[in-house]
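One structure is given below, encoded as structure tokens.
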Amino acid sequence: MNKELIINAAPTGVEIALLEDKKLVELHHEKTDASFAVGDLYLGKVKKLIPGLNAAFVDVGFEKDAFLHYTDLSPFARSILKFTNLAMSDKNGEFDFAKFQIEPEIVKTGKINEVLNGKPNVLVQILKEPIAAKGPRLSCEISLPGRFVVVTPFNEIVAVSKKIHSSEERKRLHKIVEAIRPKNFGVIVRTAAEGKKTAELHEDLSTLVETWNAIQKNLKNAVAPAKIMSEQDKTTSILRDLLNEDFNKVIVNDKNIYNDTKNYIQKIFPDKAEIVSQYQNGLPIFDHYGITKQVKGAFGKTVNLDSGAYLIIEHTEALHVIDVNSGYKSVSASQEENALQTNLEAAEEIARQLRLRDIGGIIVVDFIDMKLPENRRKLQDAMEELMKPDRAKHAVLPISKFGLMQITRQRMRPEVNINTAEICPSCHGTGKITSTLLLEDEIEKRLSYLVTHQHKNLTLLTHPILHSHLTKGWFWNSIQAKWRKKYGIRFKVQPNTNYQLTEYHFFDQQEEEIKF
């Protein structure tokens, strides 16, 4: 798979688009004034214990106190509390973490007030960013991710990713990491470590240990609430998590980010340093790579598919609902086969939409009804396969007897929501129309469909403004002329002042309107 990362630096922040085979699958926006990000470490002050919820509210500097549940405390919660106090009171820099005595683990079924009694200061990590009116969600299970390993202080466990299929390779990596692991650190070996040498793993591990030493240093004389350590910027974290042999382009329109990105890739993946390039064309970078157009087509309540089918995506407080609707094209005379093909096409787009919008929680999909169990099984298998590239934890449940598929997906950040509707000039802003960027493509798709069904001598009636757009330029250089040449038919475009701006209709040679 061909992967490209397009980075657009703007005054309000940095926009990051991930393309897979030229198709937009992830869109991230890192605001310049963003104060909370998943992975940030804070010195928090416990403000209120809620025994009924078995949770605590912790002040980390947000307008609403953050939420810390007992299950997110970590078995080593007492060790974290002890470490926090020792690091804060270390006046002379004599505290050596290698000599730190780990406290006994807390019980899984314990009570929050047994651990956080006295409302102490505690080192916490952002588990979920603030979403809607909720404050951040916290965890005391501290983890520091690197390129090849993840460090988990306060335990002695070494674990190897199960995605590394070779048992011999897992044993080799386990043996290497066990030999180089510092005292009081657990290590999780990531999938990217497969085939790596001891020196590469040791360098990655040493960098993370240095980060932990910096955290310990920052805790000295800190006053809660305070940020102790920021997660790497989103550009670097995406590169860290995604960079592989398929990732063949990183294009940046800002010199500073270009230098930082190139240096980072040079450090972690020297063979890939040449994939970074600086964009210097006059056209906006997202326009040049077709990202703006894809955003316009991918966001909004309705998402159109190539076959003419479409998705309706609705959001409620508790869940997301996606309705699959059939289109005007038929691949077979069999209704069951048509339903299967439309559902498979919709499944591919749904998997993309979940990543693109970062939709989390419960998602209910109402696919087109299919009678045959084997077709429902095909759809189930396809959805599971399509969801594999998704980095968020997820689960796909079998289709119910009502034809509904339930998907759960981990929600870490607020959902990406972009308004793609444009104010309609014909009604002075009282209504909305879908983006005109997509109208030309939509008309051509329908024209192509008509040509494949033996329609000739077609006439297209449109609003005068749209007519002007399709016929502008020299006769042989207009969009109308290009379509004539491409499809080899006689084709006319005529204006109609009674139409709305985006309204259009096809007519055959008998001047009968063609219905879709």
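The values are calculated or read from the model by the stated rules, or taken from the named source; none is laboratory data. Because the structure is a prediction, the values reported are computed rather than measured. Cβ coordinates were reconstructed from backbone atoms using ideal geometry, including for glycine residues, and neighbour counts include every protein chain displayed. Surface areas here come from the heavy atoms of the whole protein model, side chains and all, with no ligands, DNA or RNA. Shrake-Rupley method; radii C 1.70, N 1.55, O 1.52, S 1.80 Å.
Tabulated results
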{"quantity": "Given (1) open to solvent by 10 Å² or more (accessible area, probe 1.4 Å); (2) under 24 Å from Val209 (Cβ atoms); (3) part of a helix (DSSP H, G or I), index of the condition Thr71 fails", "calculated": "(2)"}
{"quantity": "Candidates Gln341, Gln278, Gln335 - the one that is modelled with pLDDT under 90 and open to solvent by 10 Å² or more (accessible area, probe 1.4 Å)", "calculated": "Gln335"}
{"quantity": "Odd one out for Thr502 among (1) at pLDDT below 85; (2) surrounded by fewer than 14 Cβ atoms within 10 Å (Cβ to Cβ)", "calculated": "(2)"}
{"quantity": "Tabulated pairs, segment 205-221, first more than 13 Å from Asp96 (Cα to Cα), second buried (at least 18 other Cβ atoms within 10 Å of the Cβ) and of a type outside the set (A, V, I, L, M, F, W, C), C-beta under 6 angstrom, 6+ apart or interchain", "calculated": "Leu208/Gly146"}
{"quantity": "Leu356 being open to solvent by less than 20 Å² (accessible area, probe 1.4 Å), within 23 Å of Ala17 (Cα to Cα) and not in a loop (DSSP other than H, G, I, E, B)", "calculated": "yes"}
{"quantity": "Thr497 open to solvent by 100 Å² or more (accessible area, probe 1.4 Å) and touching a helix residue (DSSP H, G or I) at 6+ places or on another chain (Cβ under 8 Å)", "calculated": "yes"}
{"quantity": "Answer from Lys91, Lys48 - the residue that is farther than 18 Å from Ile131 by Cα, of a type in the set (Lys, Arg), assigned to a loop (DSSP other than H, G, I, E, B) and out of contact with any Leu (no Cβ under 8 Å at 6 or more places or on another chain)", "calculated": "Lys91"}
{"quantity": "Within segment 107-137, considering residues that are under 26 Å from Val189 (Cβ atoms) and of a type in the set (A, V, I, L, M, F, W, C), the one nearest to the chain's Cα centre (by Cα)", "calculated": "Leu127"}
{"quantity": "Residues being open to solvent by less than 50 Å² (accessible area, probe 1.4 Å), part of a helix (DSSP H, G or I) and either β-branched (Val, Ile, Thr) or modelled with pLDDT of 80 or more (or both) - total across segment 208-242", "calculated": "11"}
{"quantity": "Counted residues, segment 311-332 - those being surrounded by 18 or more Cβ atoms within 10 Å (Cβ to Cβ) and among the hydroxyl-bearing types (Ser, Thr, Tyr)", "calculated": "1"}
{"quantity": "Subset of segment 359-395 (residues that are open to solvent by 10 Å² or more (accessible area, probe 1.4 Å), farther than 11 Å from Leu340 by Cα and in a loop (DSSP other than H, G, I, E, B))", "calculated": "Lys388, Pro389, Asp390, Arg391, Ala392, Lys393"}
{"quantity": "Scan of segment 248-287 for residues that are within 19 Å of Glu20 (Cα to Cα) and part of a strand (DSSP E or B), ordered by number", "calculated": "Asn248, Lys249, Val250, Ile251, Val252, Val276, Ser277"}
{"quantity": "Restricting segment 432-450 to residues that are touching a Ser or Thr at 6+ places or on another chain (Cβ under 8 Å), assigned to a helix (DSSP H, G or I) and open to solvent by 60 Å² or more (accessible area, probe 1.4 Å), the residue that is modelled with the highest pLDDT", "calculated": "Leu437"}
{"quantity": "Of all residues making up segment 471-486, the number that are touching a Ser or Thr at 6+ places or on another chain (Cβ under 7 Å) and surrounded by 14 or more Cβ atoms within 10 Å (Cβ to Cβ)", "calculated": "3"}
{"quantity": "Single unsatisfied condition, Val107 versus (1) without any contact (Cβ under 8 Å) to a residue 24 or more places away in the chain; (2) of a type outside the set (D, E, K, R); (3) crowded, with 16+ Cβ neighbours inside 10 Å", "calculated": "(3)"}
{"quantity": "Residue check for Glu345: under 22 Å from the mean Cα position of the chain (by Cα) and not in a loop (DSSP other than H, G, I, E, B)", "calculated": "yes"}
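Okay, residues lined up against (1) closer than 22 Å to Thr152 by Cα; (2) free of Cβ contacts under 8 Å to residues at least 24 places away in the same chain; (3) open to solvent by less than 60 Å² (accessible area, probe 1.4 Å):
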| residue | (1), (2), (3) |
| --- | --- |
| Glu20 | no, no, yes |
| Val25 | no, no, yes |
| Lys31 | no, yes, no |
| Gly39 | yes, no, yes |
| Asn54 | no, no, yes |
| Phe62 | no, no, yes |
